1. Taking the dipole about the Cα centre of the chain, with the C-beta of Lys and Arg at +1 and of Asp and Glu at -1, give me whichever of Leu141, Thr96, Cys278 is farthest to the positive side.
2. Need one number: the % of Cα-Cα pairs in the range 219-286 sitting beyond the 20 Å mark.
3. Output needed: percent of Cα pairs per 10 Å distance bin for the range 64-363, bins running from 0 to the one holding the longest distance.
4. What does DSSP give for the chain in terms of the percent of beta bridges that are antiparallel, rounded to the nearest 5?
5. Taking only C-alpha pairs under 8 Å that are 6+ residues apart, what is the relative contact order of the range 64-363 in percent?
6. At a temperature of 37 °C and a viscosity of 0.692 mPa s, determine how fast the range 26-147 diffuses translationally according to Stokes-Einstein, using the Kirkwood radius over alpha-carbon pairs as Rh; express D in µm²/s, rounded to the nearest whole number.
7. Only Lys, Arg, Asp and Glu count, each charged at its Cβ (+1, +1, -1, -1), so figure out the dipole size of the range 64-363 about its Cα centre, rounded to 20 debye.
8. So which lysines pass the test for Lys318, namely a Cα distance under 30 Å, with those fewer than 8 places away in the same chain ruled out?
Amino acid sequence: MGIPAVVQLAGATSIPFGTAVALDGDSGEVTIAPDMQLVTQQRERAARRAEALSHLSGAGATSDGHAVALLANIGGVEDAVAAGALDLEGVGLFRTEFVFLSATTAPTVAEQTEVYRGVFAPFEGRRVVVRTLDAGADKPLKFADLGPEENPALGRRGLRLSAERPDLLDAQLEALGIAARETGADVRVMAPMVATAEEAAWFARRVRENGLPKAGVMIEVPGAALRARHVLEEVDFGSLGTNDLAQYTMAADRMQGALSDLLDPWQPAVLDVVAAACEGAAAVGRPIGVCGESAGDPLLALVLVGLGVSSLSMAPSKVPVVRLALSLHSVAECQSLAAAARAARTAVDALTAVRDAARSELTDLL
Ligand code: PEP
Ligand code: MG
């Protein structure tokens, strides 16, 4: 919605009602009763940033012309209509489970086709990457519930659930196939929570059987990232889900605010796993992008491009600042920022190293 927000703010409920608060949704800093100097500083920076962003438009590219597609993360028709009107290259992640969060029975093929038509229509001639239902753990769906589990995040979720309920996957792929043929969007379908090459092959076969030309997988399980060469050989593309990849790499529940330092995508271990996935993708000539929240962080986006990703999918409000960040750095500079981040010992050091080495025309606005 483009409204800056900060979550997991200890003590927020004891801020007296009516107190002025300065809030930076990018850095997560909140200042209670800020002095005029800080307010002026923040206002001036916001104005400088708006002015810098107003000069840029069009496809994402580094300063030396290397293309990096700038895409939107969406959760339904309303998001699609809003994002479709914006200056971006398509959708990199349509979280289909969001549409059915309150459904108590499985949506029919006809009901789903209607939704997918509505999502594809605003993106005629542009790409729309649809993720099949990622039900379970933090995104429970009533009609796709296999019963309680001790560790739902490690359980039968995502594509694992599709393996147990192939009827749900088949209905979804059928509806996606119909809607894709009726609209002019470049529809690509990917599976969540893929861990092995066998799973990728199983999914790709089902996608193609439904007349959908491009199949991909989310790379959000460290096992799949480490073996990306074999996993991606089975499909047409990969998309790094850095939210879950951080959760599983650092063994830190993404719903557990107290562990947010471990979940930080700047953790060098997470960057190493991303790098391994990019190397695997390059070895078999498959494009790999990022659709986790990290893609919308302008400094981290540079690191990700330096590691080899060719698309970045994010909250639409983040696209302009990421476009600006790319336009100010060459691929070689992105690669050296990536090397600096990976050479760091801690997440904070990685961020500091990249912030210090990135161009001040960018960092002055952050
Ligand atoms: C991710 O895990 O990074 C991702 C993009 O998917 P989700 O946040 O929906 O799990
Ligand atoms: Mg995920």
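Bear in mind these aren't lab numbers, they're just calculated from the coordinates by the rules spelled out. Everything numeric in this text was worked out from a predicted model, so none of it was measured. Cβ sites come from the backbone with ideal geometry, for glycine too, and all protein chains shown count toward neighbours.
1. Cys278
2. 26
3. Binned Cα distances yield the sequence 7, 29, 37, 22, 6, 0.
4. Details: 6 of 34 bridges.
Of all bridge pairs located within the chain, approximately 20 percent are antiparallel.
5. On the way: 631 pairs, mean separation 50.4, N = 300.
About 17 percent, as a whole number.
6. Working: Rh = 17.8 Å.
Here the translational diffusion coefficient equals 185 µm²/s.
7. Details: 27 positive and 39 negative charges, 73 e Å.
I would put it at about 340 debye.
8. Qualifying lysines at Cα under 30 Å: Lys139, Lys214.
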